[in-house]
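*Asks:* Before we start, here is the structure in question, set down as structure tokens.
The values are calculated or read from the model by the stated rules, or taken from the named source; none is laboratory data. Computed from a prediction, not measured in an experiment: that's the story for all the values here. Glycine also receives a Cβ, built like all others from the backbone with ideal geometry; neighbour counts cover every protein chain displayed.
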Amino acid sequence: MQEKHLFEYAVLRVVPRVEREEFLNVGVILFCASKGFLQTRYELNEDRLRALCPSVDLPELQQRLNAFCKVCAGRKEGGPIGQLGTASRFRWLTANRSTIVQTSPVHPGRCQNPDETIEHLMEQLVL
């Protein structure tokens, strides 16, 4: 039997108008320390997003979501935060904020394969 690894994840949410507290789940951030895994996956459903907020700036939103991916990758493109250790990057990405892109509380789990787990979470929580 394969070993199960502890992981943590948060759901990426688009909150077009923070004062209304309405949001759309658009992605997942998954961190598995024992596998050195930190990834963000997202998918924007533009029709659903425009139904929630017709005036949303999609190019700006795409840039913000791409920034999460860059920080996860941990390269220079991720800026100063991208240079931190994996756990620190995950904590920074999942910190509370009141901007158009927010995260859910962090949830734990156990998995054998983080790649498969993040895909499963995307299907279950976003798509």
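*Asks:* Do you know which residues across the range 1-25 are β-branched (V, I, T) and closer than 22 Å to G74 by Cβ?
*Replies:* V11
*Asks:* It is to be established whether one or more residues within the range 107-120 are over 14 Å from the mean Cα position of the chain (by Cα), assigned to a loop (DSSP other than H, G, I, E, B) and without any contact (Cβ under 8 Å) to a residue 40 or more places away in the chain.
*Replies:* yes
Listed here are the residues, each with its yes/no results for (1) over 16 Å from V126 (Cβ atoms); (2) surrounded by fewer than 18 Cβ atoms within 10 Å (Cβ to Cβ); (3) at pLDDT 95 or above.
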{"position": "V11", "(1), (2), (3)": "no, no, yes"}
{"position": "E21", "(1), (2), (3)": "yes, yes, no"}
{"position": "G36", "(1), (2), (3)": "yes, yes, yes"}
{"position": "R50", "(1), (2), (3)": "yes, yes, no"}
{"position": "E77", "(1), (2), (3)": "yes, yes, no"}
{"position": "L84", "(1), (2), (3)": "yes, yes, yes"}
{"position": "R91", "(1), (2), (3)": "yes, yes, yes"}
{"position": "N96", "(1), (2), (3)": "yes, yes, no"}
{"position": "C111", "(1), (2), (3)": "yes, no, yes"}
